[in-house]
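Some notes on the structure that comes next.
The values are calculated or read from the model by the stated rules, or taken from the named source; none is laboratory data. If you're wondering where the values come from, they're calculated on a predicted model, not measured in any experiment. Cβ: placed from backbone, ideal geometry, glycine included. Neighbour counts: every protein chain shown. In case anyone asks, the SASA skips ligands and DNA or RNA and just uses the protein heavy atoms, side chains included. Shrake-Rupley method; radii C 1.70, N 1.55, O 1.52, S 1.80 Å.
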Amino acid sequence: MRTDIGQIVHLADYRPTDFVLERVDLTFELDPTATKVEARLIFHRREGVDATAPLILDGDELSLSGLLLDQEEVPASQYSVTDKNLTVRDLPSTLPFELTITTIINPEANTQLMGLYRTGGIYCTQCEAEGFRRITYFPDRPDVLAPYTVNIIGDKAANPLLLSNGNFLGGAGYGEGKHFAAWFDPHPKPSYLFALVAGDLGVIEDTFVTMSEREVTLKIYVEHGKEPRAAYAMDALKRSMKWDEEVFGREYDLDIFMIVAVSDFNMGAMENKGLNVFNDKYVLADPETATDADYANIEAIIAHEYFHNWTGNRITCRDWFQLCLKEGLTVFRDHEFSADQRSRPVKRIAEVRHLKSEQFPEDGGPLAHPVRPTKYREINNFYTTTVYEKGSEVTRMIATLLGSDLFKKGMDLYFERHDGDAATVEDFVACFAEVSGRDLTQFSLWYHQAGTPLVTASCAYDASARTFTLSLEQMVPATPGQSAKEPMHIPLRLGLLSEDGKPMTPAKVEGAEFTTDVLHLVERAQTVVFHDIPSRPVLSLNRSFSAPINLHFDQSAADLALIARFESDHFARWQALTDLALPILLRAVQDTRNRAPVACDQTLIDALLTAAADETLEPAFRAQVLNLPSEADLARELGANNDPDAIHAGRQAILSQIADAGRDIFAALHEGMATPGDFSPDAASAGRRALRNAALGFLSLSDNTPARAKAAFDAANNMTDLSHALTILAHRFPETAEANEALATFKTRFEDNALVVDKWLAIQASVPGAATLQRVQALMQDPLFTRANPNRVRALVGTLAFNNPTGFNRADGGGYRFLAEEILTIDPRNPQLAARILTSMRSWRSLEPVRADHARAALMQIERAEELSTDVRDIVDRILK
Ligand code: ARG
Ligand code: ZN
């Protein structure tokens with residue numbers, strides 16, 4: 001356990017290494033508790049570097065057992081070792097030299113799941129961001145690229161598989177009961193992309209023929225017996241490979257592409273060159289055990305990791321400040337892939353919901369940071385929704401500003417110019433500036449200024465002049481370390497609709513650049529005049545969420561209802577319905593707090609039910625419409641002095657009124673949206689299930705008895721329907737015989753399947769209300785729960801903290817005290833996991849004073865702990881600041 005508080009790393013301090021790494025040759029002699037790693041590294045001193053400069057390598061929890069320089073033992077006087085570095089002095093001034101470093105590591109004891117560790121009897125690695133230094137002493141930074149040869153020696157019976165990056169060179173027996181395998185990765189790569197997997201796994205195999213007619217072997221490794229559950233992942237992989245060729249012109253570059261699914265993993269998955277390692281949650285699926293959401297996630301994450309082969313691996317990051325260069329861009333690519341494979345507007349709605357519920361609170365709270373940060377204390381804490389999702393939005397805005405042709409040209413230039421490089425955000429932006437001739441300096445503020453911009457809009461129509469005037473103002477809120485902000489370059493897509501819902505096209509637009517439907521807001525305040533508009537238009541602003549902003553625009557319910565019916569952009573229709581619902585929901589929360597009766601506006605009910613029943617709309621879209629802004633959305637809108645109980649009760653009161661008003665429609669949808677026949681995970685069928693299940697939720701609410709949900713539970717033939725019915729029972733009818741029986745049946749049926757156990761835990765951890773804390777504590781005693789598995793911890797502790805506003809934010813502060821204890825328990829074992837779960841407290845200052853005081857006390861309890869990881873120390877300090 002590290003007890004130091006961690007050094008702050010600054011972007012401004014970047015400089016290249018003194019020594020250039022030419023080649024890496026690794027030999028592993030696997031042993032569960034004492035694996036021997038021999039690293040042969042060939043370096044030369046960079047031109048111009050002082051001839052006396054020592055070589056300083058990174059290391060963490062290593063035991064050094066040998067050090068040779070050009071095959072000669074290095075005398076003790078020539079090197080020194082600390083708990084962080086190996087420093088070697090008196091090295092050749094110009095000639096290349098070979099350093100042979102032998103270290104002993106203990107994979108079994110590696111509970112933080114960084115470096116080489118064991119999971120379910122399998123050896124596996126996770127090196128991003130700084131895990132390779134836990135394997136051997138190394139210049140462990142992303143701008144040090146080299147080709148790797150890897151030899152793995154292991155017990156043959158226990159480890160029939162010995163895998164690493166690149167192409168397989170060969171293997172053979174190796175003494176008694178052992179064998180070895182050799183791999184060579186010709187593509188120079190940084191250490192964070194290194195991977196090794198060894199053990200005994202089942203496999204499914206397929207092939208892909210690339211655009212230049214090369215045949216690539218595809219293998220997905222899973223636990224024996226689970227092979228059939230990898231079929232969907234394989235299908236998604238082949239579709240990803242094809243799509244990247246067709247849309248981005250990117251071809252795969254090795255003879256083999258492998259994916260390994262493991263059950264203990266700190267995050268979703270990892271794009272190691274040619275050998276992706278996945279959390280098995282994002283590989284394994286069949287109708288009986290996976291929901292439609294699981295299928296969609298698998299498709300997206302398989303694509304994401306595959307797309308990294310070009311955006312991340314062939315072109316990597318110069319330093320970790322550039323993380324968004326690979327992550328934001330790759331998220332954008334996987335979003336586009338899913339949009340092409342599924343419904344584009346529905347995908348966009350889901351993205352924006354996610355962005356607003358995860359990234360906006362981060363950007364508006366104590367953990368706010370720019371998409372490209374300038375300093376960090378613990379890089380693992382910067383794998384954030386700002387770097388990933390806002391990073392993706394920034395890439396999307398470049399595409400919006402340039403148009404698709406120039407965007408494609410810019411991407412092509414980026415791939416051509418920077419292939420093999422460790423690049424920067426500036427390199428990336430320069431490609432788009434160059435192909436478009438546009439100055440993107442102001443636009444680049446999106447990378448540098450944290451905080452969600454607020455755009456305020458107002459408009460007026462002048463019938464005699466036939467002009468429509470739009471006044472826009474922008475403001476970027478202060479964030480930690482950034483008090484004053486410059487105005488941003490904000491691309492706002494917009495449409496004008498006539499009062500009968502037809503699009504209107506202005507003859508001329510003054511006061512802003514306006515191309516096709518994109519208005520460029522670049523000043524703090526800007527007035528834009530649309531000419532030759534024959535009648536008062538209804539303005540649809542920030543279509544398809546072209547900019548990740550908060551928009552204040554007072555539109556009448558009638559205008560919003562018109563947009564909801566007639567906009568050609570379906571995202572905008574959904575946005576209009578949301579804007580219609582928000583003030584009503586917020587008023588319901590206030591009324592609940594003031595103990596006044598809650599009333600739902602008829603315009604909202606009509607608009608929602610009209611959309612829900614509209615058969616010209618996709619079922620998946622209609623399901624999104626019925627999924628009203630969440631409690632977290634309302635808390636964010638309210639901003640301060642929040643009472644999660646009132647938010648819950650106010651929102652439920654509105655839902656009940658919609659449920660009563662729409663009984664017939666919901667009953668018809670529940671009937672009509674059935675998906676008879678064999679289960680298919682395709683997007684259209686998933687959409688029908690989503691709409692049917694939304695209808696079931698409303699029906700159960702107005703029935704006010706569990707009977708219908710119990711019947712749905714008993715009749716379900718797939719996990720989507722089954723888990724949805726169970727959620728209704730557990731959340732709306734807690735402690736009824738029906739709910740208890742369903743929970744027990746579910747447990748008995750699936751207790752051998754850890755991924756389904758996670759669903760069982762999460763459904764219970766998200767039951768609204770103060771009683772859930774005790775339930776979570778009781779579940780922690782269940783033999784199915786273990787703190788050793790990150791998925792289990794996230795399902796139970798993470799769900800309570802992130803996804804249960806009333807259960808976590810108990811008025812007595814019990815939820816916060818529980819979380820503090822858990823963080824302190826998890827931290828010594830797995831700091832990354834502890835730090836991530838602690839971010840659930842990031843909005844504590846927006847709670848009402850009693851809860852906020854309890855939250856602060858719990859945070860201070862963590863802060864006072866004597867031994868904290870750098871990860872948790874960094875988060876708790878920033879949250880409390
Ligand atoms: N690069 C991985 C991805 O595809 C995630 C790695 C996360 N690493 C970490 N230390 N948190 O997004
Ligand atoms: Zn990624």
**Report entry** Convex hull of Cα atoms in the range 329-383, direction-averaged projection (nm²)
**Finding:** 4.5
**Report entry** Between the range 544-583 and the range 180-211, the Cα center-to-center distance that results, in Å
**Finding:** 47
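Starting with the highest mean, order 724-735, 327-338 by the number of other Cβ atoms within 10 Å, averaged over the residues of each peptide. Write out the running numbers ahead of the final one.
Values: 724-735: 21.8, 327-338: 24.2.
Descending packing order for the listed peptides: 327-338, 724-735.
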Query - the range 818-869-the range 797-814 distance, computed between alpha-carbon centres (Å) - result: 12
Query raised in the report: Does the range 662-752 come out rounded, prolate or oblate, given a ≥ b ≥ c as the square roots of the eigenvalues of its C-alpha gyration tensor, rounded meaning a/c under 1.5 and, failing that, prolate meaning a/b above b/c?
Result: oblate
Query - Cα gyration tensor category, rounded, prolate or oblate, for the range 239-382 with a/c compared to 1.5 - result: rounded
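Would you calculate a helix-derived [θ] at 222 nm for the chain, using -39,500 (n - 2.57) for each DSSP H run of n ≥ 4 and dividing by the full residue count, to the nearest 500?
Numbers: 29 runs with 340 residues, N = 881.
When only DSSP H runs of four or more count, the value is -12000 deg cm²/dmol.
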Query raised in the report: Cα extents of the range 767-881 along the three principal axes, largest first, in whole Å?
Result: 38, 32, 19
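Determine the per residue accessible area of the range 807-881 with all protein chains present and a 1.4 angstrom probe, expressed in square angstrom. Spell out each step's value before the answer.
On the way: 2770 Å² over 75 residues.
With all protein chains present, the range 807-881 gives 37 Å² per residue.
I'd like to check one number: the per residue accessible area of the range 498-616, probe 1.4 Å, reported in Å² as a whole number.
Values: 5500 Å² over 119 residues.
Spelled out: the 1.4 Å probe surface of the range 498-616, per residue, equals 46 Å².
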Query raised in the report: Within straight cross-link reach of LYS219, meaning Cα distance under 24 Å, which lysines are found once same-chain residues fewer than 8 apart are removed?
Result: LYS156, LYS178, LYS189, LYS238, LYS242, LYS273, LYS281
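About its Cα centre, how strong a charge dipole does the range 474-557 have in debye, to the nearest 20, once Lys and Arg get +1 and Asp and Glu get -1 at the Cβ?
Working: 7 positive and 9 negative charges, 31 e Å.
With only Lys, Arg, Asp and Glu charged at Cβ, the dipole is about 140 debye.
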Report summary line: Applied in sequence order to the range 43-60, the curve 6.51 cos²θ - 1.76 cosθ + 1.60 (Karplus, θ = phi - 60°) yields integer Hz couplings, x standing for Gly and Pro, of 10, 9, 5, 5, 4, x, 7, 3, 5, 9, 4, x, 8, 10, 10, 8, x, 8
Requested in this report: Report P(r) for the range 629-698: all Cα-Cα distances, bin width 5 Å, range 0 to the bin holding the largest distance, values in whole percent.
Outcome: 3, 15, 19, 15, 14, 14, 11, 7, 2, 1, 0
**Report entry** Radius 13 Å from Cβ of GLU327, net charge of other residues (Lys, Arg +1; Asp, Glu -1)
**Finding:** -2
Query raised in the report: Helix 231-248 sits at what angle to the longest principal axis of the chain, using alpha carbons and giving 0 to 90 degrees rounded to 10?
Result: 90
Query raised in the report: So what's the gap between the Cα centers of the range 31-47 and the range 427-450, to the nearest angstrom?
Result: 40
Report summary line: tail above 56 Å in the computed P(r) of the chain, as % of all Cα-Cα pairs, reads 11
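Please sort 59-72, 817-830, 34-47 by packing, taking for each peptide the average over its residues of neighbouring beta carbons within 10 angstrom, highest first.
Values: 59-72: 15.4, 817-830: 19.9, 34-47: 17.6.
So the order, starting with the most tightly packed, is 817-830, 34-47, 59-72.
Suppose every K and R has +1 on its Cβ and every D and E has -1 on its Cβ; what is the size of the dipole of the range 502-541 about the Cα centre, in Debye to the nearest 20?
Details: 4 positive and 5 negative charges, 37 e Å.
That gives a dipole near 180 debye.
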**Report entry** By average C-beta atoms within 10 angstrom, highest first, the peptides 756-765, 466-475
**Finding:** 756-765, 466-475
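Based on the alpha carbons, how large is the Rg to Rh ratio for the range 256-300 when Rh follows Kirkwood? Don't skip to the answer; put the middle values down first.
Numbers: Rg = 10.9 Å, Rh = 11.0 Å.
Here Rg/Rh amounts to 0.99.
Net charge near ALA611: determine it from the other residues with C-beta under 9 Å of the C-beta of ALA611, scoring Lys and Arg +1 and Asp and Glu -1. If you can, show how the numbers build up before the last one.
Values: positive: ARG565, ARG573, ARG622; negative: ASP614.
Charge balance in the 9 Å sphere: +2.
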Query raised in the report: Cα axis of helix 391-402 to longest principal axis of the chain: angle in degrees, 0 to 90, nearest 10?
Result: 70
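Using only the Cα atoms of the range 720-828, build the gyration tensor, take square roots of its eigenvalues as a ≥ b ≥ c, and label the shape rounded, prolate or oblate: rounded if a/c is under 1.5, else prolate if a/b is larger than b/c, else oblate. Each step should come with its number before you reach the end.
Details: a/c = 2.11, a/b = 1.25, b/c = 1.68.
Oblate, because a/c is 1.5 or more while a/b does not exceed b/c.
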Query raised in the report: Ordering ASP200, ASP244, ASP678 by how much accessible area each has at a 1.4 Å probe, largest first, what is the list?
Result: ASP678, ASP200, ASP244
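Can you send over the carbon and sulfur percentage of the accessible area for the range 1-143, probe radius 1.4 Å, protein chains only?
Details: 3100 of 6510 Å².
Of all accessible area on the range 1-143, carbon and sulfur atoms account for 48 percent.
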Query raised in the report: If you look at just the Cα atoms of the range 1-92, how large are its Rg and its Dmax in Å?
Result: 15.2, 44
Query raised in the report: Quick one: with all protein chains in place, what share of the accessible area of the range 248-404 is carbon or sulfur, to the nearest percent (1.4 Å probe)?
Result: 47
Requested in this report: Could you work out the local net charge near VAL9, counting Lys and Arg as +1, Asp and Glu as -1, over the other residues with Cβ closer than 10 Å to its Cβ?
Outcome: -1
Report summary line: So the carbon and sulfur contribution to the accessible area of the range 791-881, 1.4 Å probe, in percent, is 51
Query - Relative compactness, the range 411-505, computed as alpha-carbon Rg over 2.2 N^0.38 Å - result: 1.54
Query raised in the report: How are the Cα pair distances of the range 756-802 distributed, in percent, across 5 Å bins from 0?
Result: 5, 26, 40, 22, 7, 1
Query raised in the report: Roughly how tilted is helix 754-765, in degrees to the nearest 10 and between 0 and 90, from the longest Cα axis of the chain?
Result: 40
Query raised in the report: Of SER404, SER436, ALA423, which is farthest on the positive side of the dipole of the range 384-436, counting Cα position, with +1 on Lys and Arg Cβ, -1 on Asp and Glu Cβ, and the Cα centre as origin?
Result: SER404
Query raised in the report: Accessible surface of LEU539 in the full protein assembly, 1.4 angstrom probe, to the nearest 10 Å²?
Result: 0
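Specify, per residue and in Å³, the volume enclosed by the convex hull of the alpha carbon atoms belonging to the range 515-609. List each step's numbers first, then the result.
Details: hull volume 13.4 nm³, N = 95.
With only Cα atoms used, the range 515-609 gives 141 Å³ per residue.
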